[in-house]
Structures are given as C-alpha cells and as structure tokens.
1. Working carefully through the options Thr119, Thr154, Thr67, find the one that is within 21 Å of Thr191 (Cα to Cα) and modelled with pLDDT of 95 or more.
2. For Arg224, which of the numbered conditions (1) in a helix (DSSP H, G or I); (2) modelled with pLDDT under 95; (3) charged (D, E, K, R) fails to hold?
3. Are any of the residues in the range 295-307 in contact (Cβ under 8 Å) with a residue 12 or more places away in the chain and either closer than 30 Å to Leu204 by Cα or not β-branched (Val, Ile, Thr) (or both)?
4. Looking only at the range 18-32, which residues are within 14 Å of Glu281 (Cα to Cα) and either exposed (fewer than 12 other Cβ atoms within 10 Å of the Cβ) or of a type in the set (D, E, K, R) (or both)?
5. Suppose we keep only residues that are in a loop (DSSP other than H, G, I, E, B) and more than 46 Å from the chain's Cα centre (by Cα) within the range 1-32. Which one would you say is modelled with the lowest pLDDT?
6. Of the conditions (1) at pLDDT below 95; (2) surrounded by 12 or more Cβ atoms within 10 Å (Cβ to Cβ); (3) closer than 24 Å to Arg216 by Cα, Thr314 clears all except one; give me its number.
7. In the range 227-245, how many are among the aliphatic types (A, V, I, L, M) and part of a loop (DSSP other than H, G, I, E, B)?
8. Return yes or no: is Glu173 of a type in the set (Asp, Glu), exposed (fewer than 15 other Cβ atoms within 10 Å of the Cβ) and touching a helix residue (DSSP H, G or I) at 6+ places or on another chain (Cβ under 8 Å)?
Amino acid sequence: MPSYESPELVDLFTTYTAGPESIGSRLTRTAVERGSADPLIAATGADFALYPGDGRPPTVEGFRYSTRGFKELAGISHLGPAVASLVQLREKYADAGWRAEAERMLRSVERSRAANSATLWRETIAVEAYRGREQAIADMIDYSCAVTARYLRTALADETYLNSRTLREDYLEGGPGADLPVPVNQMMIATFFLAGMDISHRMLCWFAAQKIDWDRAMVVIAGRQGRPTAGVTWNTSSVATMILGASEYRLPLERVYLAPHAPTFATPVGGDLTEVAAMEEPLRRIWFNTRATVELGEVMFHGYPRYAPEQLATPDVADSAVTDISEMPVIHGPDDWRAMTTRLRMVLEDPRQLLSGCVTDFAVRQLVEAGNDPAEVVVPGLDAVTYPTGL
C-alpha cells in the first residue's frame, strides 16, 4: 500500500526547508550576498585555495602528494607497519604468502638503501625545510634499511623468529640484549615529523603572503582527508592544524567547518583555475548555510548555555598508570618518547586519525614559535640522535 502524504503539511515543510525557494534557502542566499567580500579558504585532500572575495580570482597552493621527498620519506616511515603486517600474516592468519612478501620487501629495502645518499637529499630531492639536515636524513635511512634487512633475513632463515615479541624487542623498541642502537619507533616519529614540518613550513609561507584578515576568514575543509574515516574533527585534521597555525591561532574554531561530503576540485593542471573558480559559489553556500543555522541558536535560545568550540583537552600519558586514551596525548618536548610512541599507536587504532599526522601539530607549533624557521625547530628522533651507518 503506497504511503500517504498530506499536501498541506508537506507544503508547510517545504516552506521552510527542502527547496530552493524555501525560507531557509532565502536566509542562506542573503547571508552569502552579505558576506561576498569575506575571504574563504577551501582545503581538499591535496590543495589549499584562497577565494579573496568580491569576485576576485582564487589562488591555489598544493601540498601533500606534490611535496618533494614526501613519498621517499613515507616509504621509510612505513617500514614499521610493513614488517608488522608480515608478522600478522604469519602469526594470526597463517598465510604462507608472508615469505614471498618478505623477500619482495627485502629486495626493495636493499635497492632503496643503495640509492640513498646525502647528495640525493641535498642536490636532487632538495627540500628547503631540510637544508642542513641532509646527511642526518641519509644516515637515518641507511640505518633503518639495514636493521630492517637484518630482521627480514633472520625471519626468512627461521620463520619462528617472525613474531610480535621480536618485532618489538629487536626492531621497533629494543629490549634486553637487543643490538638496536636506535629504536625504529624513533625513526618513524622523525620521518612523520619531517614530512609535517616541510608541508607546514611551505603552507605557513604561502598563507603569510596572502595577507588574510583572519577575523573575517571562513574555512571549509572539503572532501576526504587521508583514509575514509580520518580527519573529520578539528583535533584529527592536520589541515585544520596548519590553518590554525598560519593564523598564529587567531582564527576562531567556530569559523572552521569540516565538510567530508562537500564537493571538491581537482588539483589544477597547467595553471588552469577554471574548476577551482567554479567551486567558489557552492563552497561559500555550504559555509554560510551552516553559519546561518548556527546563528539561530542565540536568536531562539538566548540565556541558555551556548556551545563554545575549543580544542579538546589532551591527555597526559607521562603517568604510566594511564592505559587508555581517546584523544592524542600532549607532547611535553622532543624527548617525550612515551607520548610520541603512544601517538604512533593511536593513529593506527583510532580510525579518525590521519596516519601521517601523528606529530604534525607538534611540528606546526614549533614552527610558529620559531618564526617559521625550520633550522630553529628540534626534529625528534633526528637532531639529537646519531644513526650508525654501514651496518
């Protein structure tokens, strides 16, 4: 039996919402018109766009996948999860295919080690934010490849060695009697930090050049950020972290909207900003539609407690009694390995997190405090660590 709808009551529903001529749509259109001169920042999974307002053309700056050295560092930073995946294949799933995968990974590690050098990082990859650290980065990669190859060879010679205990004690963290001068956990933090520092440094430079009025700025972080479940809250979005840092933390969180279902634009090719420009109107409409609804709260419920967005409290894991957390722990400094290693665990277990964003907020804050000078930033796991080479 078909469902019945009362035309009169449905008409009342559409009078306010569910249609382009509704009162709600009128409110949004009016808000968009009144705010047409305000700057809008839109972020996708790969680019920032600034719409200055008043019909002026947008400007775009790419990040993440277009970053020099990003994929090279990511290959090294993911050695830990890759080896752990081999352990899972053997221990949990009894998948005999682990051996072929280990052999393939060993070949790739050896090729990477042979190609790596300070000259490669200094003259070819040539990342400005890494200037002066190229030899240290090359040493870290040489060491990481060496200990990974050693672990894989041992496992291939004796498959019982490939287990979660040896993974932690002989490779990731170190244990009694382990021949592990530097834990691989420290390398993972260093590589994630370096990638976050480079992207953040360039983005802070770009935002500074735009001369944005942060009191009037509007932000929409649109579409997918990393894995499908990640980056959908302020505290889990490294993009939001960079924008807040660029404003020197003056931008109110209430003007930042994360819209995972919003339309996005593709990275411009050859300087063609046609698609980017076409997205300004729908993105402004999303921001103002959200804002217009938010502002009804004060009109309708003045005198009741208001919602005040702020950074969520970060737990402190310095106390070893803390065994469970639901937000990223605070990092007390570049030697706070308990907090940073806990973050490595959290970005794997918390589906809201971006895997590569575990220390981006720490990198951004250091950059802001150092006047965006990477040379004045302390890179945990690199600057105060000596990675032995030639193993």
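The values are calculated or read from the model by the stated rules, or taken from the named source; none is laboratory data. This structure is a prediction, so every number in the text was calculated from the model and none was measured. Because the Cβ atoms are built from the backbone with ideal geometry, glycine has one as well, and the counts that use them run over all protein chains shown.
1. Values: Thr154 fails: within 21 Å of Thr191 (Cα to Cα); Thr67 fails: modelled with pLDDT of 95 or more.
Criteria check complete, one pass: Thr119.
2. Result: Arg224 passes all but (1).
3. Here is the first cut: in the range 295-307, the residues in contact (Cβ under 8 Å) with a residue 12 or more places away in the chain are none.
No, every residue in the range 295-307 fails to be in contact (Cβ under 8 Å) with a residue 12 or more places away in the chain and either closer than 30 Å to Leu204 by Cα or not β-branched (Val, Ile, Thr) (or both).
4. Once the filter is applied, which keeps residues that are within 14 Å of Glu281 (Cα to Cα) and either exposed (fewer than 12 other Cβ atoms within 10 Å of the Cβ) or of a type in the set (D, E, K, R) (or both), the range 18-32 yields only Arg29.
5. At the first step, the residues of the range 1-32 found to be in a loop (DSSP other than H, G, I, E, B) are 1-6, 17-22.
Now drop any that are not more than 46 Å from the chain's Cα centre (by Cα), which leaves 1-6.
On the way: Met1: 68, Pro2: 76, Ser3: 85, Tyr4: 88, Glu5: 87, Ser6: 92.
Within the range 1-32, the match that is modelled with the lowest pLDDT is Met1.
6. (3)
7. Within the range 227-245, the subset among the aliphatic types (A, V, I, L, M) is 230, 232, 239-240, 242-244.
Retained after the next criterion (residues that are part of a loop (DSSP other than H, G, I, E, B)): 230, 232.
Matching residues across the range 227-245 total 2.
8. Details: of a type in the set (Asp, Glu): yes; exposed (fewer than 15 other Cβ atoms within 10 Å of the Cβ): no; touching a helix residue (DSSP H, G or I) at 6+ places or on another chain (Cβ under 8 Å): yes.
Taking the combined requirement at face value, the residue does not satisfy it.
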